[in-house]
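A.B. asks: Can you read through this structure? Questions will come right after.
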Amino acid sequence: MQERRWLLEGVERPDADALDVYRRNGGYDGAWRAFDEIDPAAVIDEVEAAGLRGHGGAWRPVAARWRAAGALGGVRALLVDVSESESGRFRDRKLAERLPHRLIEGALIAAHALTADDVYLCVRADWRRARSVLGHAMDEARAAGWIDRALGRSGHAVRLHLHPVPGPLPARGTDQLLPHLIECSRPEPRASNGTNDLPTLFGAPVLVHTAATLAFLPAILARGSGAFRELGSADFPGTVAISVSGHIRRPGLFEVEIGSGSFGELIDTLAGGVVDETDLLAVFPGGAPALDGDALKSLQIDPGVWSQPGGGEHEGSFGCGTIVVADDAVTPLDLAARWLDHAAQLGCGQCPVCREGSVWLIQHLQRLREGGVTAIDPSALQERLEILAHGEGEGLAICGHPTVAAHVTQGLLQIAPEHVDSQASAGATPIDDDAPLRTADSIHLRF
Amino acid sequence: MTQLAIAERLRATVGEARLQSLLQAYAESRGAILPLAVLLRDEGVGIDDDVVTWIAQTCITSTAMVTSALSAFPELMNDPDSITVCDGLSCRLMGAGYVQRLLRDRLGSDRVCTSPCQNACSSAPIVQVRGTLYGGLQEASLQALAQRLEQPERAS
Ligand code: FES
């Protein structure tokens, strides 16, 4: 397996964040083509021909979303999620810090295709470096006439705004969440009204895209949809940037062709393997049940395989393919307790099933860790996990956050159910306060 | 200081051009609540009741709305000099618990806080000080960081 950079092309170039470096390497050629040489409808045709899908986790076809928005009367603004709502992912932060102009150019192209006049780049407030690099890049782009000014023959001017958002946000529902966040700054997803209506910002319809999705657009416009189509699978063309971290020799962000291999290969080759060559556990913060090493070996880096009815090889959401790896010094039970605790902290607290269900489960996992299976009612635990997992589908929760929390926890508890008692008596593990520091051999695309 | 003097000081800190462009970026000026708070915080201004009142007046909204908005963002209300140790899953696996304990022992519990995943997990474990990220910490680099942080004026 090897890296195929499209999204991250040039990420290791010195001064990759500078406008002149970006321009020297073909930057803004795609935007110029979109604004000067073709009209918005042709931009949508090009993106449709490329088959680009959203890289926020739902993998919806981008052009279809744009056409649907047009059919509903169009959008006033584009909101770009630069907040990594998936914990364990570090793709969009890397893009913002190293390739801010690619992000800006992609946002310009999308806004033009949608004939939207405003773009809000919603960046995590506590990523001060990302905000500062993006802010500087916006100043450069503004001075060079790319934003806030009529561009090319289209004469379309797009205004760009940097909006800091608190974070991390709940793992699902950013389409509804981000506009709400700008309006009143509280990170609470809103219930969908059950129609295909667009989310609104101060009453005006908007569209929300993940940063990485838009950052594919410049090269698609500049190099043509055919080049993009040559990569990946028929339904999921292109590449995907996978964040790999945890007990791995070479953690980092790896961009690979979709369908080019398994997560096991990625870990063994590009990421250098597991630190202690032991069995491993893999957590997918995007919402798939956690796995052990054997299951991981055959698991394809292809959202199309995962999304088949019944799960194909593996039931669950591919999310963005983010993966956190732990070696067998950590027990699945320990990891489950930590994960659930983490998920509960990110919940917005609006829905009882998530707010109270998570606390109940955390308490039971704690009892399980301290006293083994006899200390709890296992069927009640499974029942509560099921309720959490189906919270959104059954109308008990506004968003899919509890589903993600439950799927990961269920997966961890199913890894070695017969050994739960021994896991409970395993004592301190590397995830506890007393554990020593661990060090990777090297870091791929270091922060 | 009078309310007027406080307002003038904050307005000067933000700068008239930046203030106007922020307010004009949103169809309703309450959109500027968080951007204004973050901007002031970046300039080293602590968010207290006076600041909340000024933001409310500037964004033509209530102090309750501003307080509610900021409550979703505890980092904004923390001491700007506090040291944040990431407590996300990857950082935990790489020894964030140890980092927290060592920094609390050396610097005192009130200077050290934790955060969920900072999304720089490849460089775990991570510590953030005044917006600067310290990643890939090993025993020696952690000890060196703690030593520098013991002298707050040279911390960043
Ligand atoms: S877990 Fe610490 S940066 Fe993600």
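The values are calculated or read from the model by the stated rules, or taken from the named source; none is laboratory data. Here the structure is a predicted model, which is why all the values come from computation and not from measurement. Using ideal geometry, Cβ is built from the backbone for each residue, glycine included, and neighbour counts are taken over all protein chains shown. With ligands, DNA and RNA removed, areas are computed over all heavy atoms of the protein, side chains included. Shrake-Rupley method; radii C 1.70, N 1.55, O 1.52, S 1.80 Å.
A.B. asks: When you go through A:Leu266, A:Leu198, A:Leu169, A:Leu181 one by one, which is the residue that is assigned to a loop (DSSP other than H, G, I, E, B) and over 22 Å from A:Pro61 (Cβ atoms)?
C.D. replies: One residue alone meets the criteria, A:Leu169.
A.B. asks: List the pairs whose first member sits in region A:84-99 and is not assigned by TED's automatic domain parsing to the domain that holds A:His209, whose second member is in a helix (DSSP H, G or I) and within 13 Å of the ligand (Cβ to nearest atom), and whose Cβ atoms are under 9 Å apart, counting only residues at least 6 apart or on separate chains?
C.D. replies: none
A.B. asks: Being over 24 Å from A:Ile323 (Cβ atoms) and more than 7 Å from every other protein chain (Cβ to nearest Cβ) is the filter here, so list the residues in region B:116-133 that pass it.
C.D. replies: B:Val129, B:Arg130, B:Thr132
A.B. asks: Of all the residues that make up region A:40-67, how many are out of contact with any helix residue (DSSP H, G or I) (no Cβ under 6 Å at 6 or more places or on another chain) and at pLDDT below 95?
C.D. replies: 4
A.B. asks: Return only the number of the condition from (1) over 30 Å from A:Ser245 (Cα atoms); (2) out of contact with any helix residue (DSSP H, G or I) (no Cβ under 7 Å at 6 or more places or on another chain); (3) facing chain A (nearest Cβ under 8 Å) that B:Gly44 does not satisfy.
C.D. replies: Going through the list (1) over 30 Å from A:Ser245 (Cα atoms); (2) out of contact with any helix residue (DSSP H, G or I) (no Cβ under 7 Å at 6 or more places or on another chain); (3) facing chain A (nearest Cβ under 8 Å), B:Gly44 breaks only (3).
A.B. asks: Is there any pair linking a residue in region B:80-91 that is of a type in the set (D, E, K, R) to one that is open to solvent by less than 20 Å² (accessible area, probe 1.4 Å) and near the ligand (Cβ under 6 Å from one of its atoms), with Cβ under 9 Å and at least six apart or on different chains, and which?
C.D. replies: B:Asp87/B:Cys117
A.B. asks: Please go through region A:310-324 and give me each residue that is over 14 Å from A:Ala290 (Cα atoms) and modelled with pLDDT of 85 or more, ordered by number.
C.D. replies: Across region A:310-324, the qualifying residue is only A:Cys320.
A.B. asks: While we're here: Would you please name the residue that is nearest to the other protein chains (Cβ to nearest Cβ), looking only at residues in region A:312-351 that are without any contact (Cβ under 8 Å) to a residue 24 or more places away in the chain and assigned to a helix (DSSP H, G or I)?
C.D. replies: By that ranking, first place goes to A:Gln345.
Yes/no matrix, rows are residues, columns are (1) near the ligand (Cβ under 8 Å from one of its atoms); (2) open to solvent by 10 Å² or more (accessible area, probe 1.4 Å); (3) more than 8 Å from chain A (Cβ to nearest Cβ); (4) modelled with pLDDT under 90:
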| residue | (1), (2), (3), (4) |
| --- | --- |
| B:Asn78 | no, yes, yes, yes |
| B:Ser82 | no, yes, yes, yes |
| B:Cys86 | yes, no, yes, no |
| B:Tyr98 | no, yes, no, no |
| B:Arg104 | no, yes, yes, no |
| B:Leu107 | no, yes, yes, no |
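A.B. asks: Tell me which of these B:Val112 doesn't satisfy, since it passes every other one: (1) within 8 Å of the ligand (Cβ to nearest atom); (2) farther than 19 Å from A:Arg131 by Cβ.
C.D. replies: With (1) within 8 Å of the ligand (Cβ to nearest atom); (2) farther than 19 Å from A:Arg131 by Cβ applied to B:Val112, the lone miss is (1).
A.B. asks: Do we find that A:Glu394 is among the acidic types (Asp, Glu) and farther than 30 Å from A:Asp302 by Cβ in this structure?
C.D. replies: No: the conditions fail for A:Glu394.
A.B. asks: For A:Arg142, indicate whether it is assigned to a helix (DSSP H, G or I) and within 16 Å of the ligand (Cβ to nearest atom).
C.D. replies: Taking the combined requirement at face value, the residue does not satisfy it.
A.B. asks: Now a separate question. Every residue in region A:290-304 that is of a type in the set (Asp, Glu) and farther than 12 Å from A:Gly261 by Cα, please.
C.D. replies: Scanning region A:290-304 gives A:Asp292, A:Asp294.
A.B. asks: Those residues that are part of a loop (DSSP other than H, G, I, E, B), touching a Leu at 6+ places or on another chain (Cβ under 8 Å) and not small (Gly, Ala, Ser), I need them from region A:3-53; list them, please.
C.D. replies: A:Glu3, A:Arg4, A:Trp6, A:Leu7, A:Leu8, A:Val11, A:Glu12, A:Asp17, A:Leu52
A.B. asks: Kindly indicate whether A:Arg153 is more than 14 Å from chain B (Cβ to nearest Cβ), over 18 Å from A:Leu217 (Cα atoms) and either part of a strand (DSSP E or B) or open to solvent by 10 Å² or more (accessible area, probe 1.4 Å) (or both).
C.D. replies: yes
A.B. asks: What number of residues in region A:77-130 are open to solvent by 10 Å² or more (accessible area, probe 1.4 Å), farther than 23 Å from A:Trp6 by Cα and of a type in the set (D, E, K, R)?
C.D. replies: Selection size over region A:77-130: 5.
A.B. asks: While we're here: Exactly one condition in (1) over 23 Å from B:Ser123 (Cα atoms); (2) of a type outside the set (Phe, Trp, Tyr); (3) in a helix (DSSP H, G or I) is false for A:Ala212; which is it?
C.D. replies: For A:Ala212, the failing item is (1).
A.B. asks: Continuing with this model, one more query. Given the options A:Ser233, A:Ser243, name the one that is modelled with pLDDT under 95 and either within 21 Å of the chain's Cα centre (by Cα) or hydrophobic (A, V, I, L, M, F, W, C) (or both).
C.D. replies: Values: A:Ser243 fails: modelled with pLDDT under 95.
When all the criteria are applied, what remains is A:Ser233.
A.B. asks: Kindly indicate the residue of region B:2-30 that is open to solvent by less than 30 Å² (accessible area, probe 1.4 Å) and without any contact (Cβ under 8 Å) to a residue 24 or more places away in the chain and also nearest to the other protein chains (Cβ to nearest Cβ) among those meeting that condition.
C.D. replies: Residue satisfying both the conditions and the ranking: B:Ala25.
A.B. asks: Picking from B:Ser123, B:Ser115, which residue would you name as being open to solvent by less than 40 Å² (accessible area, probe 1.4 Å) and in contact (Cβ under 8 Å) with a residue 40 or more places away in the chain?
C.D. replies: After applying the criteria, what remains is B:Ser115.
A.B. asks: Can you find a residue that is among the β-branched types (Val, Ile, Thr), part of a loop (DSSP other than H, G, I, E, B) and crowded, with 21+ Cβ neighbours inside 10 Å anywhere in region A:243-260?
C.D. replies: Yes: one or more hits.
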